[in-house]
Every structure is written in C-alpha cells, then in structure tokens.
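Below is one structure, written out as structure tokens, with a few remarks after it.
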Amino acid sequence: MKVALAQLNYTIGHFDSNADKIIASINRAKADGARLVVFSELSVCGYPPHDLLTHKHFVDKSIATVNQIAQQCNGIYAIVGVPSINTDTTGKLLFNSAYLLGEGKVLDVYHKTLLPDYDIFDEYRYFEPNPGNYRVAEIDGIKIAITICEDIWDDQPTTTAFSRSKLYRDAPMNHLVKLNPDMVINISASPFSYNVEERRLQVFQSNVARYSKPVIYVNQVGGNADLLFDGGSMVVNAGGDIIVKLKSFEEDFRVIDTNVLERNQSISPEISATSEQRIERIHNALVMGIRDYFGKLGFTKATLGLSGGIDSAVVLALAAQALDVNNIRVLLMPSQYSSRHSIDDAVALAQKLGVQYDIVSIQPIFESFKSQLSSIFEGKPEDITEENIQARVRGTLLMAISNKFGHLLLNTSNKSEAAVGYGTLYGDMCGALSVLGDVYKTDVYRLANYINRNDEIIPINTIQKPPSAELRPDQKDSDSLPPYEILDPILFAYIEQGLSAEEIVGLGFPSDTVNRTLRLVNMNEYKRYQSPPILRVSSKAFGYGRKMPLVTKWS
C-alpha cells in the first residue's frame, strides 16, 4: 500500500486555507497512487488554538470543515487532526482527535491519550484523555495503530536535572500492540528546538525497539507567533532506521510504499547535531518565524533600530531573508556616545542588503529631556537614568516610524540580555516580535558568522568589536556583565538545565559571578513579562514555556 505524508503549514483558525491545502494534498496523493494520506495534529483548525477551543463556534467550524474535507476522500483514505466533542456528561468538553476519512465520510475517530502539560503545552486545559477505547484502523488488510503526538512520548529523554523520562503511568502502545498492528502512524504538532530532532529519533527508535513496529510520523511546519514547527516528518522502519525524512522548515510531500517498512537499511543520512548544524537550524527557524509572523498577521513591512552592533545586524540580515527588502526601513539613531565606526558599519550593512535607512540623531532630543528635568534632578549625578532616557527616545522614534508607515517593529534584544535584565523597558525592549530573545549572545556571533559563510554581509568590524550599548563614554557590556563566554554557560546551566547555584559553581565557575548572575535572572522576571513574543528555538524559552512568579523571595 502506498502512503502519502503531507507536511503542511497551517494558519490557526483559517479554515478555508487549511482545507484547501489538505484537499489539494488529497488530490495529489490520489494522483500518485496513494491509498492513504496523513496530515498532522489538529491540522484542520491549526495548532495550537489555545482558548479558541473554548468557543463553540470554533469547534463547530472545525467539525464542519472536516466533514467537507471527507467528501473529497473517494478512492483514498485520509487521517487529519481535529477537536471532537466528548459526549460523556463528565470530563472536559473536547478530545484531541485523529479522524479517519474515506468513502466520502468520517469513518472513525481516535482520541489522544497522553495530554502534555509541561514546557509550552497545556492540553489538559482543553481536552479529555482517551478513556481507554483502543482500536486499530484497517485499510486494504493493513492494520494501523493511529496515535497523536505525545501518545508515543511516554518514555522520553530527560531535559533538566530535575525531570524524569517516565511522565505517565501507562503507554497507549502497550494496549495497541495487543491488537497486532502492522505499523504505527503518529500525527504530531511537535515544536522546534535546536536539539529536538535527536530527541524525536530517540523516542521513535525506543518505540520500535519495544514494539517492533515501524513508525510513520507526520509533523506540521511553520511559525505560529512564538512557536515554530520544523516539520522533519519521517518514516522509521522495523529495524529503527530512518528510511524517509521530509524537509525541515518548509512544506513537503512524499509517497512511500509500506513494503519498505521492513527493510533494515537506511536510505537517508543519520540525524546529528554538530555545532554548525545547530546554528543552521536556529538560522532557518528564525527566518521561517519572521516570515510566517508577518504573513499570517497580514503585515509586509518591518522596521528596527540599526546601531552598528551585532544584535541589530543579525536581526536585519534575518529579516532581509524572510521579507522583501523593499519593505524594510531601518533607523540609525546615533548619540554623542556613538562611535563613528558604528554608524559606518550600520550604513554599510543597510546598503549591502538594499534596505532603506534614515539617520536621526537623538542628541538634541536627549538634551531637551535633560533640560526639562534639570530642576527636578538638580544635585543628582548622571547615572543609569540618563542611559535609559536615551534608550526610550530611540524606542519612541522607532514606534513613530512603525505607526506612520505601518511597519512592525522587530526587537533586537538577545537571550543573555533578557535573562539578566540588561535592557530598558519601553526603550530597546519595544517591539512586535523578539527575534533573538531565545538566542544567547555567543550564539548571536555564531549566527553572524553563518550569515557571512559565503559573503561578507555583516561588516567584519561589527563582529569583532567589543559589544557596547554606547549610552555613556567608552561603555562596554563587560563593564556591567561577565564576559559572555562565561555568562552564557552559567545562564544555560540555570535556565535550561535547572541547576542550582552550588551545582553551577561545582562546574568551575566563580561563586560570586554565579550568585550575582542568578540574582539578576530572578529579579528581572517583571521585565521579561512585558517583553514582545519571542521566537522559540530552545527547549526553555522565556514566555509561557517558562512560568515563574513575578513576586517571590526565592533565591
């Protein structure tokens, strides 16, 4: 039997567009001789729909749309993801379901059993788990265990020092395997992080080892605000080898013959995670995230503040790949503290990319602020207040460009700065989208070098000079923060790995540096709470994937 894998980019709540994509893939699969075409989790309504699931008309539209799609399934079967109604009088109102379509109608509905509520997931908020109604589908004599994402993640790699691999008391496959399926199909909405490919493969190979059943996995692709989905759909045969892998970060379509599922020889390269591949994945994810954020919101134009520093340079280079450069307009806002080479570097980058730029000095505006406040500030020395005024002047100018010309403002702060509060609320923290908010500073430099891999796009001076906010004479980031090559590993150990101060010191970092860094992270939660949405590229991004109390005495 031929099975088609349809890896598509859906828009949440855009039922007509999603249905058109699905129906086009059904027709393509039929033309290619496939008997079954598989789509991803909640593909009809888009994932994640969040509290739209609490609106009856949204759920009704989802079900009406899947019935419309079913009418196209003559001579072919399809598996699509849709919320379904829980008809029991107790429990949550909905199931997260996979619909089997064929003969022009809905043939059967299979419910998700394991509902994740960690990291960015909160499925128990909306869905009732499968109450134990396990069964397999049968098409042309082939028995299929239909599972939904987490249903095969009952045993998964641990991600922090305080986590476990066994998150659930039972595994759906323990029940399904008793029905002797020939294969497992898993429809998924698995978000991207730079190491997720390795984790997925571990999960799939673990399932194959336990149950001796090949796995067909179909994931969605595309950006839905801060959540990015990389696709990477694949087929793992009964020997645990990847025999088909679809593209990452773009739509893809592939037809396989189920005869290949028993072979023990891989026909695609092993998934690995070298440093260069990790940066390439992050780069591609960010470009896709920018493109889809604008496209799905219906915006085409972007602006940002171009300072001559590494962060704004990388954001502009990424935006230039994601959007039409003719729709990008940047603002250079030098002050009396800006170096000549910073201005020159910013101009050189804008010209290299063909982006419109304007130069507006903030010095007279800053002096006006100081003059108006002079009687109030009399006798007080200049300090961070004056630095923040400059940042907020720049934020105001950028928002003026945004308002006047309809450009969305891209925020340029990185994860290292966001972690320790090295940013100004209503100043350099302004923006509609934080592009680098989940990228540590050391990785920003690696991204710059990756962008320059074939040609010098970002001026080499921008990459080589010491980072500085240029808000006071001869200022360097290292005046206020540990060097990034020390700061970033400490932050990673605390945020991603969940290590304590004592454990991080045990890794060889100075005690005073560790304690100060962790104190800065903890005391600046209120700033991050007011940040723009962050494109998620790690397993522990700031935002609703890392929920910390704003007010706490915990240290």
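The values are calculated or read from the model by the stated rules, or taken from the named source; none is laboratory data. The model shown is predicted, which means the values in this text are computed figures rather than measured ones. Every residue, glycine among them, receives a Cβ derived from its backbone with ideal geometry; neighbour counts consider all protein chains shown.
Tabulated results
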item	result
Residue selected from the stretch 118-143 under the condition among the aliphatic types (A, V, I, L, M) and in contact with a helix residue (DSSP H, G or I) (Cβ under 7 Å, 6 or more places away or on another chain), by the criterion nearest to S188 (Cα to Cα)	V136
Tally of residues being surrounded by fewer than 18 Cβ atoms within 10 Å (Cβ to Cβ) and either farther than 19 Å from G427 by Cβ or in contact with a helix residue (DSSP H, G or I) (Cβ under 7 Å, 6 or more places away or on another chain) (or both) across the stretch 387-403	0
Options L101, L115; residue that is within 20 Å of Y217 (Cβ to Cβ), assigned to a loop (DSSP other than H, G, I, E, B) and either in contact with a helix residue (DSSP H, G or I) (Cβ under 6 Å, 6 or more places away or on another chain) or of a type in the set (K, R) (or both)	L115
Which listed residue is assigned to a loop (DSSP other than H, G, I, E, B) and over 15 Å from N414 (Cα atoms), from R472, R536	R472
Condition check for E485: assigned to a helix (DSSP H, G or I) and over 25 Å from P467 (Cα atoms)	no
Sole residue being within 20 Å of T396 (Cβ to Cβ) and either assigned by TED's automatic domain parsing to the domain that holds D428 or surrounded by 18 or more Cβ atoms within 10 Å (Cβ to Cβ) (or both), chosen from A302, A319, A313	A302
Matching entry among V208, V177 (being touching a Gly at 6+ places or on another chain (Cβ under 6 Å) and without any contact (Cβ under 8 Å) to a residue 60 or more places away in the chain)	V208
Odd one out for S468 among (1) in the same structural domain as D311 (by TED's automatic domain parsing); (2) within 26 Å of the chain's Cα centre (by Cα); (3) under 30 Å from S555 (Cα atoms)	(2)
Helices (runs of 4 or more DSSP H) completely within the stretch 273-365 that count 3 or more residues being more than 20 Å from the chain's Cα centre (by Cα) and either modelled with pLDDT under 95 or aliphatic (A, V, I, L, M) (or both)	340-353
D182 vs. criteria out of contact with any Cys (no Cβ under 7 Å at 6 or more places or on another chain), on the phi > 0 side of the Ramachandran plot and modelled with pLDDT of 95 or more	no
Any hit, the stretch 449-456, residues being in contact with a strand residue (DSSP E or B) (Cβ under 9 Å, 6 or more places away or on another chain) and in contact (Cβ under 8 Å) with a residue 12 or more places away in the chain	no
Any hit, the stretch 24-37, residues being of a type in the set (G, A, S), farther than 16 Å from L101 by Cβ and surrounded by fewer than 22 Cβ atoms within 10 Å (Cβ to Cβ)	yes
Yes/no for D455 being assigned to a loop (DSSP other than H, G, I, E, B) and under 27 Å from the mean Cα position of the chain (by Cα)	no
Selection count where residues are outside any helix (DSSP H, G or I), under 24 Å from L409 (Cβ atoms) and not aromatic (F, W, Y), scope the stretch 426-452	13
Subset of the stretch 508-533 [over 22 Å from G427 (Cα atoms) and not in a helix (DSSP H, G or I)]	G508, F509, P510
